[in-house]
Amino acid sequence: MAQTEGARLFRETWIAGVKEHFPGEPKPSYVTPWEDTPEWERQAAGAVYEQVRQFLEVSNRHATRLTREQKGRFVATCWTAQMFSHFEDPKPGYVADWPELPDWQKETDSDIFEAIEKSLS
């Protein structure tokens, strides 16, 4: 899968996860379709997709044995690095550590790892 397709998978899984796990009505920016997603966010999604793909590859796919939480933490950490890459002074919510993330976001990050994992099967 090309990085652009991987970025799109990331975004589509994010939107599905928000719709499933977010309590109440999410902010419109959380569910913005791919076509309207800002370029920086597309790039960040592609980079995180690629990091997860490489992580699975270098572990000879043994990273599939991580717990769901470990998978989500990996996605969250990769995303945080992208926020520092794209913004000089990112919003605190963009770079919050795992314990500070809301449960819906943790679940969505875990969904993203598992969707990438499944796409590589």
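Rule-based calculations on the coordinates, nothing more; no lab input. Being a predicted model, the structure only gives us computed values, none of them experimental. Cβ coordinates were reconstructed from backbone atoms using ideal geometry, including for glycine residues, and neighbour counts include every protein chain displayed.
Summed over all non-identical Cα pairs, the Kirkwood treatment of the chain gives a radius of 14.4 Å.
Residues whose amide H lies under 5 Å from that of residue 101, counting only those 5 or more places away or on a different chain, are absent; hydrogens are built 1.01 Å from N in the peptide plane.
On a 0 to 90° scale, report how tilted helix 103-119 is relative to the longest principal axis of the chain, with both axes built from alpha carbons and the result rounded to the nearest 10. The two axes meet at around 40 degrees. Quick check: the angle from helix 3-21's long axis to the longest principal axis of the chain, C-alpha only, nearest 10 degrees? Between the helix axis and the principal axis of the chain, the angle is about 60 degrees. Each label point was placed 7 Å from the Cα along the Cα-to-Cβ direction; for residue 100 and residue 67 their separation is 2.2 nm. Each of residue 89 and residue 2 was given a label point 7 Å from its Cα along the Cα-to-Cβ line. The distance between the two points is 3.8 nm. Grouping the Cα pair distances of segment 59-121 into 5 Å bins from zero gives a pair-distance distribution of 4, 18, 27, 21, 16, 10, 4, 1 percent in increasing distance order. Report, to the nearest 10°, how far helix 39-58 tilts away from the longest principal axis of the Cα atoms in the chain, using its own Cα long axis and a range of 0 to 90°. With both axes taken from Cα atoms, the answer is about 20 degrees.
Among the chymotrypsin sites (Phe, Trp or Tyr not before Pro) found in segment 64-121, those both in a DSSP coil and sparsely packed, with 14 or fewer other Cβ atoms within 10 Å of their Cβ, are 87.
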